[in-house]
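As structure tokens, the structure follows; a few thoughts come after it.
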Amino acid sequence: MKEIKGLLFDLDGVIVDTAKYHYLAWKELAGKLNIPFTEKDNERLKGVSRMKSLEIILEIGGLKLSGEEKEEYCTYKNEIYLKYIHKLKKEEVLPGVNEFLADAREKGYRIALGSASKNAGIILSRLNLVGAFDAVIDGTKVKTAKPDPEVFLLGAKELGLSREACIVFEDAKAGVDAAHNGGMKAVGIGTKENLPNADICIPGLFGTNINEIIKQLS
Ligand code: B16
Ligand code: MG
């Protein structure tokens, strides 16, 4: 394995659990559309774009809407979601994240965010984490969603590193596939059962550090 110099982190499910707020917002919208929507259904939305999430919900409800209506519902859902995000507390950062990032920074690694979310900026700022990242690639900067590797390739580029010098931390299958499609190794945050393609799986960033991860990957 080439020497690793860059770490690319997904946001939702790796740095913070925003999935619960996405769920509450989508649930409210689904209720308005009379579509039954459960927490299990919500699993299918992890890591996918806002529009794709709506399309999955419409598919569950067997509902077809025009492009314009879909845009309106996406905006409506985001307004509900943002009400939760504006109240996000820095204590909601997932266990071990601050320590992991600070240690990696101290060891000289370059660190980027690679998220599908168009709300990543506000989320990082609510968590006091803006300064922890050397580059932030989010849904406002990319054209193609994971599993396309665009978000991570751009992350490596903004860090000034080759793809082989970077590894990805991801909690969603689409994100693990995006890393592999970009020629990078993927550390799965979750179980091998949920992320069978990940190169290694860990339950979270708590109690580990970058040296440990690189040792496990090589
Ligand atoms: P937004 P990630 C993803 O974040 C979420 O997992 C996914 O559920 C959401 O639909 C997507 O961001 C877009 O988010 O509506 O805020 O633009 O895991 O890629 O960090
Ligand atoms: Mg995620």
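The longest part of the chain holding none of the exposed loop trypsin sites (Lys or Arg not before Pro), meaning those outside H, G, I, E and B in DSSP with at most 16 other Cβ atoms within 10 Å, is 144-191. Give me the base-10 log of I(q)/I(0) for region 138-218 at each q in 0.17, 0.26 Å⁻¹, Debye formula, one uniform scatterer per Cα, rounded to two decimals. Computed log10 I(q)/I(0) values: -0.65, -1.27.
Using only side-chain charges placed at the Cβ, +1 for Lys and Arg and -1 for Asp and Glu, the dipole size of the chain relative to its Cα centre rounds to 180 debye. If I take R0 = 25 Å and measure r between the Cβ atoms of K107 and V130 in this structure, what FRET efficiency does the formula 1/(1 + (r/R0)^6) give, to the nearest 0.05? The value I calculate is 0.75.
Label-to-label distance, N181 versus K32, with points set 7 angstrom from Cα along the beta-carbon direction: 3.0 nm.
Backbone phi angles across region 210-218, fed through the Karplus curve with coefficients 6.51, -1.76 and 1.60 (θ = phi - 60°), yield HN-Hα couplings of 5, 4, 4, 5, 5, 4, 5, 6, 8 Hz in residue order; Gly and Pro are listed as x. Full extension of the chain between M1 and E99 yields a length gain of 32.7 nm, computed as 0.36 nm times the residue separation minus the alpha carbon distance.
One decimal place: the segment K89-I200 gains 37.0 nm when fully extended, by the rule 0.36 nm per residue minus the C-alpha distance.
Within the accessible area of the chain, the carbon and sulfur atoms contribute 50%, probe 1.4 Å, all protein chains present.
Kindly identify the chain as rounded, prolate or oblate by the Cα gyration tensor criterion: order the square roots of the eigenvalues as a ≥ b ≥ c, call it rounded if a/c is under 1.5, otherwise compare a/b with b/c, prolate if a/b is larger, else oblate. Prolate shape, in that a/c is at least 1.5 and a/b is the bigger ratio. The fraction of Cα-Cα pairs per 5 angstrom bin, counted from 0 for region 1-56, comes to 4, 16, 26, 20, 10, 7, 6, 5, 3, 2, 1 percent, rounded to whole percents. On the beta carbon distance between D148 and I56, with R0 = 25 Å, the FRET formula returns roughly 0.90.
Dividing the summed helix terms, -39500 (n - 2.57) for each DSSP H run of n ≥ 4, by the number of residues in the chain produces a 222 nm estimate of -13000 deg cm²/dmol to the nearest 500. Ligands, DNA and RNA are left out, and with a 1.4 angstrom probe the accessible area of the chain is 49 Å² per residue. Among G183, I167, A120, flag the residue with its Cα farthest along the positive direction of the charge dipole of the chain, charges on Cβ as +1 for Lys/Arg and -1 for Asp/Glu. Sorting the options by dipole projection puts first A120. Overall, region 105-168 carries a charge dipole of about 100 debye about its Cα centre when +1 sits on the Cβ of Lys and Arg and -1 on the Cβ of Asp and Glu, all other atoms neutral. Using C-alpha pairs below 8 Å separated by at least 6 residues, the relative contact order for region 31-124 is 30 percent.
Sparse packing (at most 16 other Cβ atoms within 10 Å of the Cβ) combined with a DSSP loop state is found for none of the GluC sites (Glu not before Pro) in region 62-102.
The values are calculated or read from the model by the stated rules, or taken from the named source; none is laboratory data. What you see is a predicted model, and the numbers here were worked out from it, not measured in a lab. All Cβ positions, glycine included, derive from the backbone under ideal geometry; neighbour counts span all protein chains shown. Just so you know, the surface numbers come from the protein's heavy atoms only, side chains and all, with ligands and any DNA or RNA stripped out. Shrake-Rupley method; radii C 1.70, N 1.55, O 1.52, S 1.80 Å.
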